[in-house]
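Some notes on the structure that comes next.
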Amino acid sequence: MYFNSMKIPSFGVAGNFTGHLEQAGEARDFTNIKTAEVNAPKALFPTFLPPVQNAVPQGGHNSGTSQGVCETSAPQGGQNSTTLKAACEAGTGNAVTPSFLHTFPFTSDKIIFPKGEEKLQIEPECAILCDMIWNGDEIEKVIPKTFAASNDCSIRKEGAKKISQKKNWGPASKGLSENQIELTGAVPQNPCEACTPQGDKDAAKSNGSAFSKGGLLDNYRIASFLVRNGKVFDYGEDSAVRDYSYIYEKLLSWICDKLNNQGDEGPAENIHAYLLESGKPSQVMISIGATRYTDFGEHNFLAKGDRAVVVVYPENKYDHAAISNMVKNQKYDDPMVSVLDQVIEL
């Protein structure tokens, strides 16, 4: 299974690893955002909304060509429908979603440095690629199907009113690994079953649900590196996926709530209106939060010629030293390891 990220909306979770927002200098942006729990994520921010003619519409790949946004997603009431209805009646087309969010920002091999900016950081994450089930104009369920390494690369600057303004500055401003790993199965009971790529896949497929405690992702970790002048530096703390503040069923419930109900408040946006305008797409990608930085990562920003590397790997097969060596040698041949290796260009 493979999701075409050019055809589906993408979002990021802000504040899903305790301490990251403080390190990034962004905690004060969320001072007035109320959350159900102290450790709850703060917002779900958009990074890409495909123009409606390119989106995978409700019904999936085989449902035919999408019609105009006002025909396919005429709102049926609710707190998020007023703005979209006004735009449709005025004939203004994609008037709700900021135009820069229609620029596809993901690559697997490079980051183009934003003009006029000085501070750019890797944001190492695990992304989940999901089916999205609608009931009328409301999202009923989000079902993760694959996962991959993601770089939610971010500009560090003062004065941005919305998170998204620091996330998508044009083509090649974000990263997603080409190796999406299918979310089926639990952790192989015998690690030796994973000695071959096919053995790893067969073991995973034999054990049922994966996006839950004890499932496949419970065995995965996120590591990130900056490679400069041939030297490999740890950039983010090597972190277990299971250690996200919100993960699995709790995270999916939170995501559905934000997709349906998040308001245009502070750095957050009314993303439900964006999704309606995109024709109620049936798939979505969500980067579920950046890890904390090492001291090096917190104080060193990206420069021309650097390599920004994010690796999502199974801890029952590799330790951190093995992954670091893999990055140094650029030898990525295990299909159960999702690697994103991007060169920084001006």
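Counting the residues of the stretch 112-137 that are closer than 26 Å to residue 170 by Cα and over 16 Å from the mean Cα position of the chain (by Cα) gives 9. Picking from residues in the stretch 270-283 that are buried (at least 24 other Cβ atoms within 10 Å of the Cβ) and farther than 15 Å from residue 135 by Cα, the one that is modelled with the highest pLDDT is 271. Candidates 210, 203: the one that is modelled with pLDDT under 95, surrounded by 23 or more Cβ atoms within 10 Å (Cβ to Cβ) and not in a strand (DSSP E or B) is 210. Please tell me if residue 103 is open to solvent by 10 Å² or more (accessible area, probe 1.4 Å), of a type in the set (Val, Ile, Thr) and at pLDDT 95 or above. Considered against the rule, which asks whether it is open to solvent by 10 Å² or more (accessible area, probe 1.4 Å), of a type in the set (Val, Ile, Thr) and at pLDDT 95 or above, residue 103 comes out as yes.
When you go through 111, 133, 128 one by one, which is the residue that is open to solvent by 30 Å² or more (accessible area, probe 1.4 Å), assigned to a strand (DSSP E or B) and either at pLDDT 95 or above or among the acidic types (Asp, Glu) (or both)? Break it down stepwise before answering.
Details: 111 fails: open to solvent by 30 Å² or more (accessible area, probe 1.4 Å); 128 fails: open to solvent by 30 Å² or more (accessible area, probe 1.4 Å).
Testing whether each residue is open to solvent by 30 Å² or more (accessible area, probe 1.4 Å), assigned to a strand (DSSP E or B) and either at pLDDT 95 or above or among the acidic types (Asp, Glu) (or both) leaves just 133.
Among the residues making up the stretch 231-257, those that are without any contact (Cβ under 8 Å) to a residue 40 or more places away in the chain and surrounded by fewer than 20 Cβ atoms within 10 Å (Cβ to Cβ) are 231, 242, 249, 250, 253, 257. The one condition from (1) in contact with a Phe, Trp or Tyr (Cβ under 9 Å, 6 or more places away or on another chain); (2) under 17 Å from residue 169 (Cα atoms); (3) touching a residue at least 60 places away in the same chain (Cβ under 8 Å) that residue 140 does not meet is (2). Within the stretch 147-176, work out how many residues are hydroxyl-bearing (Ser, Thr, Tyr) and assigned to a helix (DSSP H, G or I). So the answer is 1.
When you go through 260, 300 one by one, which is the residue that is open to solvent by 20 Å² or more (accessible area, probe 1.4 Å), touching a residue at least 60 places away in the same chain (Cβ under 8 Å) and among the polar types (S, T, N, Q)?
On the way: 260 fails: open to solvent by 20 Å² or more (accessible area, probe 1.4 Å).
Just one listed residue meets the conditions, 300.
Sub-7 Å Cβ pairs linking a first residue in the stretch 316-330 that is under 14 Å from residue 238 (Cβ atoms) to a second residue that is buried (at least 19 other Cβ atoms within 10 Å of the Cβ) and acidic (Asp, Glu), at least 6 apart or interchain, are 320/238, ordered by first then second residue. Do you know which of the residues in the stretch 138-148 that are under 20 Å from residue 287 (Cα atoms) and open to solvent by 30 Å² or more (accessible area, probe 1.4 Å) is farthest from the chain's Cα centre (by Cα)? The qualifying residue farthest from the chain's Cα centre (by Cα) is 140.
Would you confirm, using the coordinates I've provided, whether residue 265 is of a type in the set (Asp, Glu), open to solvent by 10 Å² or more (accessible area, probe 1.4 Å) and in a loop (DSSP other than H, G, I, E, B)?
Values: of a type in the set (Asp, Glu): yes; open to solvent by 10 Å² or more (accessible area, probe 1.4 Å): yes; in a loop (DSSP other than H, G, I, E, B): yes.
Yes, satisfied.
The values are calculated or read from the model by the stated rules, or taken from the named source; none is laboratory data. Note that this is a predicted model, so its numbers are computed, not measured. FYI the Cβ positions are ideal-geometry reconstructions off the backbone, even for glycines, and counts take in every protein chain you see. Heavy atoms of the whole protein, side chains included, go into the accessibility calculation; ligands, DNA and RNA do not. Shrake-Rupley method; radii C 1.70, N 1.55, O 1.52, S 1.80 Å.
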